[in-house]
1. List the residues whose amide H sits under 5 Å from the amide H of Leu170, counting only those 5 or more places along or on another chain, with H placed 1.01 Å from N in the peptide plane.
2. Run lengths n ≥ 4 of DSSP H only: what is the helix-derived mean residue ellipticity at 222 nm for the chain, with -39500 (n - 2.57) per run over all residues, to the nearest 500?
3. I'd like the distance between the alpha-carbon centres of region 42-77 and region 182-246, rounded to an integer number of Å.
4. In the chain, what percentage of the DSSP-assigned beta bridges are antiparallel, given to the nearest 5?
5. What is region 101-292's relative contact order, in percent, from Cα pairs under 8 angstrom and six or more apart in sequence?
6. For the chain, restrict the atom set to alpha-carbon positions and state the Rg and Dmax in Å.
7. Name the trypsin sites (Lys or Arg not before Pro) in region 131-211 that are in a loop by DSSP and that have at most 13 other C-beta atoms within 10 Å, would you?
8. Quick one: Karplus J couplings for region 232-245, per residue in order, coefficients 6.51, -1.76, 1.60, θ = phi - 60°, nearest Hz, x for Gly and Pro?
Amino acid sequence: MKVLVYSTRDFEKPYLEQANKNKHKLTFTEEALSSSTAISAVGYDAASIFSADEACFLTIEKLHSFGVKYISLRSVGYDNVNIKAAKREGIKVANVPAYSPNAIAEHSVALLLALNRKLIEANDKIKHFNFDLSHLTGFDLHGKTVGIIGTGRIGSVMAKIMHGFGCKLLGNDIEKDNLLTDRYGLQYVSLENLCEQSDIISLHVPLNSETHHMINEDLFDVMKESVYLINTARGAVVNTDDLIQALDHKKIAAYGMDVYENEKGIFFKDLSHDIPDDDTLIKLIAMPNVLVTGHQAFLTNEALTNIAETTIYNLDCWENNEANDNELTG
């Protein structure tokens, strides 16, 4: 089938071509899907989109009118797609449900370690041949309490890793994983209790109506002033205005973020010569106790391979009229 691959980045194109093996006619564009760019999909059977693309009600209607029958997501999250509208218009949608939980969890740990052990500051000093150790003191992870919000595929890997550091584990999720309790001693508690007791909090929940601004002023107020908060989930899980207040008033010690509430139109682009008009992001980047990566957690060879293979698998299933467990029905 003919597939328009929106938001293609140089780093993923070879993986998609390798997985495709010339089965489908792929056309790559750096353009992001939106209601104004949907017209590019005229004459295509399917559109492949990434997390920064927007498949809202209007976009879905346009895709349908242009003859698009399928949307293949190259991501786990699908909060950027109006699934109900797609279903109504007869457009089938599928995602990549688990490309590499290890990649995301390991990046969460990388953010934590870099923040805790002041690795960025240390490297900056040494580049100027300053080997003084002042202001570089961190803390042992061993014995600390780690709160994991969302104990699904990624959160469970995070639990395993932090257990290896010798941490006490707390968890919060709508569904309990008894295996995590049995193997790693993870204790399920309420969200408020987790925030009160944790020295480190790591977020691993999808973005939906229940998790939008889940971490807000009320929870910042009960957190330890020494807590490190790590977010590799979705930016809007954290209320950014409340986060800025918490950082300004030293209600939390540090924030590691791979995602940002208003990242659309900013992340995945080189804006070094066109600084974004976003005072909040600029302030976060400038804070010494905030570490920002630009939605980079998924970026491993293994994850890119799995994303590409699953994307092509979804297209194969549709072309061959085969059942597909990755299809999203609402």
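1. Result for Leu170 returns Val146, Gly147, Ile148, Gln187.
2. It lands at -10500 deg cm²/dmol.
3. Going from one Cα centre to the other spans 32 Å.
4. 5
5. 18
6. Here Rg and the maximum Cα pair distance are 21.0, 65 Å.
7. Passing both the DSSP loop test and the Cβ count: Lys176.
8. Coupling constants for region 232-245: 10, 8, 9, x, 6, 5, 9, 6, 5, 4, 5, 4, 4, 4 Hz.
Rule-based calculations on the coordinates, nothing more; no lab input. Remember, it's a predicted structure, so these values are computed and weren't measured experimentally. Here the Cβ is made from the backbone with ideal geometry for all residues, glycine too, and neighbour counts use every protein chain on show.
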